[in-house]
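Written below as C-alpha coordinates is the structure these notes are about.
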Amino acid sequence: MEKGYGQSDPRLAAYVERVFGVADPVLEGALLKAKESGLPAIQVSPFDGRILELLARLVGAERAVEIGTLAGYSAINILRGLREGGRLWTFEYEPKHARIAEENLRRAGFEKSAQVLVGSALDRLPEIEGEGPFDLVFIDADKTSYPRYLAWAEAHLRIGGLVAIDNAFAWGNVADPKAVDADESARAIHETNVRLASGGRFRGMMLPTSEGMGIGVKIR
Ligand SMILES: C[S@@+](CC[C@H](N)C(=O)[O-])C[C@H]1O[C@@H](n2cnc3c(N)ncnc32)[C@H](O)[C@@H]1O
(Lines give C-alpha, C1' and ligand atoms only; values in the text may rest on other atoms or scores of the structure.)
Protein backbone atom coordinates (compact mmCIF):
# COMPACT_ATOMS: atom_id res chain seq x y z
CA MET A 1 0.00 0.00 0.00
CA GLU A 2 1.27 3.50 -0.82
CA LYS A 3 2.15 5.63 2.15
CA GLY A 4 -0.24 8.56 2.46
CA TYR A 5 -0.88 11.32 4.96
CA GLY A 6 -1.52 10.59 8.64
CA GLN A 7 -2.94 7.39 10.02
CA SER A 8 -6.48 6.16 10.46
CA ASP A 9 -6.13 3.43 13.07
CA PRO A 10 -7.93 4.75 16.20
CA ARG A 11 -5.97 2.29 18.36
CA LEU A 12 -2.85 4.31 17.64
CA ALA A 13 -4.40 7.53 18.95
CA ALA A 14 -5.35 5.65 22.13
CA TYR A 15 -1.79 4.29 22.35
CA VAL A 16 -0.21 7.77 22.04
CA GLU A 17 -2.67 9.19 24.58
CA ARG A 18 -1.71 6.42 27.01
CA VAL A 19 2.05 6.70 26.56
CA PHE A 20 2.45 10.49 26.22
CA GLY A 21 -0.49 11.63 28.36
CA VAL A 22 1.43 12.31 31.56
CA ALA A 23 0.01 14.25 34.51
CA ASP A 24 0.90 17.95 34.57
CA PRO A 25 -0.35 19.73 37.72
CA VAL A 26 0.51 23.24 36.45
CA LEU A 27 -1.42 22.87 33.20
CA GLU A 28 -4.25 21.04 34.93
CA GLY A 29 -4.44 23.89 37.49
CA ALA A 30 -4.66 26.43 34.65
CA LEU A 31 -7.53 24.48 33.09
CA LEU A 32 -9.36 24.24 36.40
CA LYS A 33 -9.05 28.00 36.93
CA ALA A 34 -10.43 28.57 33.41
CA LYS A 35 -13.34 26.22 34.04
CA GLU A 36 -14.19 27.75 37.43
CA SER A 37 -14.15 31.18 35.79
CA GLY A 38 -16.62 30.06 33.12
CA LEU A 39 -14.25 30.27 30.15
CA PRO A 40 -14.96 28.01 27.16
CA ALA A 41 -12.78 24.87 26.97
CA ILE A 42 -11.40 25.67 23.53
CA GLN A 43 -7.69 25.54 24.36
CA VAL A 44 -5.31 23.23 22.51
CA SER A 45 -5.13 19.61 23.65
CA PRO A 46 -2.35 18.53 26.03
CA PHE A 47 -0.70 16.79 23.06
CA ASP A 48 -0.81 19.90 20.90
CA GLY A 49 0.53 21.85 23.86
CA ARG A 50 3.50 19.51 24.02
CA ILE A 51 4.01 19.93 20.27
CA LEU A 52 4.08 23.72 20.73
CA GLU A 53 6.72 23.40 23.43
CA LEU A 54 8.80 21.17 21.17
CA LEU A 55 8.42 23.48 18.17
CA ALA A 56 9.69 26.36 20.32
CA ARG A 57 12.64 24.25 21.43
CA LEU A 58 13.37 23.08 17.89
CA VAL A 59 13.72 26.61 16.54
CA GLY A 60 15.59 27.75 19.66
CA ALA A 61 12.90 30.37 20.18
CA GLU A 62 13.61 33.37 22.36
CA ARG A 63 10.95 35.77 21.10
CA ALA A 64 7.50 34.34 20.51
CA VAL A 65 4.09 35.74 19.65
CA GLU A 66 0.72 34.12 20.26
CA ILE A 67 -2.55 35.34 18.76
CA GLY A 68 -5.43 34.07 20.93
CA THR A 69 -4.53 33.63 24.62
CA LEU A 70 -7.76 32.40 26.24
CA ALA A 71 -6.63 31.27 29.75
CA GLY A 72 -2.94 30.97 28.95
CA TYR A 73 -2.82 27.20 28.46
CA SER A 74 -0.95 27.18 25.15
CA ALA A 75 1.06 30.20 26.33
CA ILE A 76 2.45 28.16 29.25
CA ASN A 77 3.43 25.39 26.84
CA ILE A 78 5.20 27.83 24.50
CA LEU A 79 6.95 29.59 27.39
CA ARG A 80 8.29 26.25 28.62
CA GLY A 81 9.98 25.79 25.26
CA LEU A 82 11.67 29.21 25.10
CA ARG A 83 15.34 29.70 25.75
CA GLU A 84 16.58 31.26 28.99
CA GLY A 85 15.48 34.89 29.07
CA GLY A 86 12.87 34.33 26.33
CA ARG A 87 9.67 36.37 26.01
CA LEU A 88 6.14 35.76 24.79
CA TRP A 89 3.72 38.47 23.63
CA THR A 90 0.21 37.04 23.60
CA PHE A 91 -2.90 38.79 22.25
CA GLU A 92 -6.41 38.40 23.65
CA TYR A 93 -9.61 40.21 22.72
CA GLU A 94 -11.64 39.49 25.88
CA PRO A 95 -10.48 41.33 29.03
CA LYS A 96 -11.86 38.54 31.24
CA HIS A 97 -9.85 35.88 29.38
CA ALA A 98 -6.75 38.06 29.66
CA ARG A 99 -7.20 38.46 33.44
CA ILE A 100 -7.46 34.69 33.95
CA ALA A 101 -4.49 34.14 31.65
CA GLU A 102 -2.37 36.60 33.62
CA GLU A 103 -3.21 34.76 36.82
CA ASN A 104 -2.41 31.37 35.28
CA LEU A 105 0.87 32.69 33.85
CA ARG A 106 1.81 34.10 37.26
CA ARG A 107 1.04 30.79 38.97
CA ALA A 108 3.15 28.99 36.36
CA GLY A 109 6.09 31.33 37.11
CA PHE A 110 5.97 33.25 33.83
CA GLU A 111 4.74 36.67 34.97
CA LYS A 112 8.01 38.34 33.96
CA SER A 113 8.45 36.60 30.58
CA ALA A 114 4.89 36.89 29.25
CA GLN A 115 2.88 39.96 28.30
CA VAL A 116 -0.82 39.72 27.58
CA LEU A 117 -2.03 42.47 25.23
CA VAL A 118 -5.78 43.04 25.42
CA GLY A 119 -7.84 44.02 22.39
CA SER A 120 -8.06 43.15 18.72
CA ALA A 121 -4.80 41.46 17.71
CA LEU A 122 -4.79 43.18 14.32
CA ASP A 123 -5.00 46.56 16.06
CA ARG A 124 -2.31 45.81 18.64
CA LEU A 125 0.24 43.68 16.73
CA PRO A 126 1.95 46.80 15.31
CA GLU A 127 2.89 47.81 18.88
CA ILE A 128 5.36 44.94 19.21
CA GLU A 129 6.87 45.05 15.73
CA GLY A 130 9.92 46.88 17.12
CA GLU A 131 10.64 43.82 19.31
CA GLY A 132 11.03 41.59 16.26
CA PRO A 133 11.98 39.78 14.20
CA PHE A 134 10.38 36.88 16.06
CA ASP A 135 11.30 33.18 16.23
CA LEU A 136 7.81 31.72 16.60
CA VAL A 137 4.26 32.90 15.89
CA PHE A 138 1.31 30.77 17.03
CA ILE A 139 -2.08 31.64 15.49
CA ASP A 140 -5.21 30.53 17.36
CA ALA A 141 -7.78 33.36 17.40
CA ASP A 142 -10.69 34.45 15.16
CA LYS A 143 -10.53 32.28 12.05
CA THR A 144 -11.59 34.85 9.48
CA SER A 145 -8.44 36.85 10.26
CA TYR A 146 -6.09 33.89 9.72
CA PRO A 147 -4.84 35.09 6.30
CA ARG A 148 -3.95 38.47 7.81
CA TYR A 149 -2.27 36.85 10.81
CA LEU A 150 -0.22 34.67 8.46
CA ALA A 151 0.77 37.77 6.47
CA TRP A 152 1.88 39.43 9.71
CA ALA A 153 3.93 36.35 10.65
CA GLU A 154 5.46 36.30 7.17
CA ALA A 155 6.60 39.90 7.60
CA HIS A 156 7.84 39.66 11.18
CA LEU A 157 9.42 36.21 11.61
CA ARG A 158 13.16 35.88 11.14
CA ILE A 159 14.39 33.61 8.38
CA GLY A 160 14.27 30.15 9.98
CA GLY A 161 11.44 31.25 12.27
CA LEU A 162 8.29 29.18 12.52
CA VAL A 163 4.57 29.83 12.23
CA ALA A 164 2.10 27.34 13.75
CA ILE A 165 -1.61 27.58 13.02
CA ASP A 166 -4.26 25.72 15.01
CA ASN A 167 -7.65 24.42 13.78
CA ALA A 168 -6.25 24.13 10.27
CA PHE A 169 -8.78 21.38 9.44
CA ALA A 170 -11.62 23.81 10.27
CA TRP A 171 -13.39 20.95 12.09
CA GLY A 172 -13.40 18.92 8.87
CA ASN A 173 -14.85 21.70 6.73
CA VAL A 174 -11.73 22.26 4.63
CA ALA A 175 -12.28 18.83 3.06
CA ASP A 176 -15.73 19.85 1.81
CA PRO A 177 -15.65 22.35 -1.09
CA LYS A 178 -19.28 23.34 -0.39
CA ALA A 179 -18.42 24.19 3.22
CA VAL A 180 -15.39 26.18 2.06
CA ASP A 181 -17.69 28.14 -0.28
CA ALA A 182 -20.40 28.68 2.29
CA ASP A 183 -18.46 29.29 5.48
CA GLU A 184 -16.24 32.35 5.88
CA SER A 185 -14.07 30.76 8.58
CA ALA A 186 -13.50 27.57 6.57
CA ARG A 187 -12.65 29.68 3.52
CA ALA A 188 -10.13 31.77 5.46
CA ILE A 189 -8.51 28.68 6.96
CA HIS A 190 -8.35 26.97 3.56
CA GLU A 191 -6.77 30.10 2.06
CA THR A 192 -4.17 30.08 4.84
CA ASN A 193 -3.41 26.39 4.28
CA VAL A 194 -2.98 26.94 0.55
CA ARG A 195 -0.61 29.82 1.16
CA LEU A 196 1.53 27.69 3.49
CA ALA A 197 1.46 24.74 1.07
CA SER A 198 2.29 26.63 -2.07
CA GLY A 199 5.68 27.95 -1.15
CA GLY A 200 6.32 31.66 -1.23
CA ARG A 201 8.32 32.61 1.83
CA PHE A 202 7.33 29.50 3.81
CA ARG A 203 8.15 25.81 3.59
CA GLY A 204 5.05 24.32 5.13
CA MET A 205 3.21 21.17 6.14
CA MET A 206 0.18 20.08 8.14
CA LEU A 207 0.83 18.21 11.37
CA PRO A 208 -1.77 15.43 11.70
CA THR A 209 -3.10 16.54 15.10
CA SER A 210 -6.78 16.04 15.88
CA GLU A 211 -7.58 19.66 14.83
CA GLY A 212 -4.84 20.02 12.23
CA MET A 213 -1.84 22.21 12.94
CA GLY A 214 -0.35 23.98 9.95
CA ILE A 215 3.35 24.74 10.33
CA GLY A 216 5.74 26.66 8.14
CA VAL A 217 9.36 27.74 8.38
CA LYS A 218 10.16 31.11 6.82
CA ILE A 219 12.83 30.29 4.28
CA ARG A 220 13.19 33.55 2.36
C1 LIG B 1 -9.19 29.09 20.72
S2 LIG B 1 -9.01 30.36 21.88
C3 LIG B 1 -7.27 30.37 22.21
C4 LIG B 1 -6.82 29.16 22.95
C5 LIG B 1 -5.40 29.27 23.45
N6 LIG B 1 -4.47 29.50 22.33
C7 LIG B 1 -5.01 27.97 24.12
O8 LIG B 1 -4.85 26.96 23.39
O9 LIG B 1 -4.88 27.94 25.35
C10 LIG B 1 -9.20 31.81 20.93
C11 LIG B 1 -9.05 33.10 21.73
O12 LIG B 1 -8.88 34.16 20.80
C13 LIG B 1 -9.56 35.29 21.28
N14 LIG B 1 -9.83 36.19 20.15
C15 LIG B 1 -10.87 36.13 19.26
N16 LIG B 1 -10.76 37.12 18.37
C17 LIG B 1 -9.65 37.81 18.67
C18 LIG B 1 -9.00 38.96 18.13
N19 LIG B 1 -9.51 39.58 17.06
N20 LIG B 1 -7.87 39.40 18.70
C21 LIG B 1 -7.35 38.77 19.79
N22 LIG B 1 -7.91 37.68 20.35
C23 LIG B 1 -9.04 37.21 19.81
C24 LIG B 1 -10.82 34.71 21.93
O25 LIG B 1 -11.38 35.62 22.86
C26 LIG B 1 -10.28 33.44 22.57
O27 LIG B 1 -9.92 33.66 23.91
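The values are calculated or read from the model by the stated rules, or taken from the named source; none is laboratory data. Since the structure is predicted, the reported quantities are computational estimates derived from the model, not experimental observations. Note that each Cβ is placed from the backbone with ideal geometry, even for glycine, and that neighbours are counted across all protein chains shown.
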For this session: Check 52, 70 and return the single one that is modelled with pLDDT of 95 or more and either surrounded by fewer than 18 Cβ atoms within 10 Å (Cβ to Cβ) or assigned to a loop (DSSP other than H, G, I, E, B) (or both).
Result: 70
Exercise. Could you count how many residues in the stretch 103-131 are in a helix (DSSP H, G or I), closer than 23 Å to residue 41 by Cα and away from the ligand (no atom under 13 Å from the Cβ)?
Worked result: 3
Exercise. Restricting attention to the stretch 114-132, does a residue exist that is farther than 20 Å from residue 34 by Cβ and among the hydroxyl-bearing types (Ser, Thr, Tyr)?
Worked result: yes
For this session: Test residue 22 against the stated conditions and say whether it is β-branched (Val, Ile, Thr), at pLDDT 95 or above and not in a helix (DSSP H, G or I).
Result: no
Exercise. Picking from 144, 90, which residue would you name as being β-branched (Val, Ile, Thr) and not in a helix (DSSP H, G or I)?
Worked result: 90
Exercise. Among the residues of the stretch 73-87, which ones are of a type outside the set (Gly, Ala, Ser) and in a helix (DSSP H, G or I)?
Worked result: 73, 76, 77, 78, 79, 80
Seminar exercise, completed: Residue pairs qualifying under the 6 Å Cβ cut-off, at least six apart or on distinct chains, with the first in the stretch 193-213 being within 18 Å of residue 154 (Cβ to Cβ) and the second being of a type in the set (Val, Ile, Thr) and exposed (fewer than 14 other Cβ atoms within 10 Å of the Cβ), are 203/219
Problem set entry | Criterion: outside any helix (DSSP H, G or I) and within 12 Å of the ligand (Cβ to nearest atom) - qualifying residue of 41, 30 | 41
Exercise. Give me the pairs: first residue in the stretch 75-102 and among the acidic types (Asp, Glu), second residue more than 9 Å from the ligand (Cβ to nearest atom), beta-carbon distance under 9 Å, and six or more apart or on different chains, which are they?
Worked result: 84/62; 92/116; 102/111; 102/114; 102/116
For this session: Could you check how many residues of the stretch 55-67 are part of a helix (DSSP H, G or I) and near the ligand (Cβ under 8 Å from one of its atoms)?
Result: 0
For this session: Consider residue 161 carefully, then state whether it is farther than 17 Å from residue 188 by Cβ, more than 16 Å from the ligand (Cβ to nearest atom) and surrounded by fewer than 21 Cβ atoms within 10 Å (Cβ to Cβ).
Result: no
Exercise. Exactly one of (1) surrounded by 24 or more Cβ atoms within 10 Å (Cβ to Cβ); (2) modelled with pLDDT under 95 is unmet by residue 79. Its number?
Worked result: (2)
